[in-house]
Amino acid sequence: MNDLEKLGKEVATVEMKAFQLQVLENIAMYKDGIFEMANWPAKSSGLPYGLWFDDLGKTRTNTHSIPRVKVLMPDGNMISVSIEENPRILLKGTQLVKVERELKGKKKTEMFNYISKHHQIMLQHWYGNIQTLDLFTYLEKEKN
């Protein structure tokens, strides 16, 4: 396995570690940075929290196949949310309980409405039909 392949598996490893420990995935859990993930910061979108998009999307080797985006909370916790017309948090058990305390109210509604509104373009990115630059360009045009 070369260095790029090793780095590319880090996202799956961190997700599994968080699940096993029943803690929320946190950006600090990444030793080599988030490889092959694209950050859409809150200041670019006007949202309360940043979004992280998986550049590999459906081609990433992982235990899940549901298209997702990660919401980056101020404390560094990352929350997996489905990319669909009616977004939902993709966690269970203790992790879900923790998320429901952290992501709630008006801010949760804003995040979910944004994902819902843009789910088609986000899905195009997830399935590899458009590049990240195209995704961000489209989202900027929509937000203006």
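Where a number appears in this text, it was derived from the coordinates with a stated rule and is not lab data. Note that the coordinates shown come from a computational prediction; the quantities given were computed from them, not determined experimentally. Cβ placement follows ideal geometry from the backbone for every residue including glycine, while neighbour counts extend to all protein chains displayed.
Data overview
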{"item": "Which listed pairs, of Lys17/Lys117; Lys43/Lys92; Lys43/Lys70; Lys17/Lys43, have C-alpha distances above 27 Å, in listed order", "result": "Lys17/Lys117; Lys43/Lys92; Lys17/Lys43"}
{"item": "3J(HN,Hα) from dihedral phi, the stretch 114-129, Karplus parametrisation 6.51/-1.76/1.60, rounded to Hz, x for glycine, proline", "result": "5, 4, 4, 4, 9, 4, 5, 5, 5, 5, 4, 5, 4, 7, x, 7"}
{"item": "Projected label distance in nm at Glu85 and Thr132, using a 7 Å step from Cα toward the beta-carbon", "result": "3.0 nm"}
{"item": "For Leu90, residues with placed amide H under 5 Å, excluding near neighbours", "result": "Ser80, Val81, Ser82"}
{"item": "Efficiency of FRET from Cβ geometry, Asn39 and Arg101, R₀ 35 Å, rounded to 0.05", "result": "0.90"}
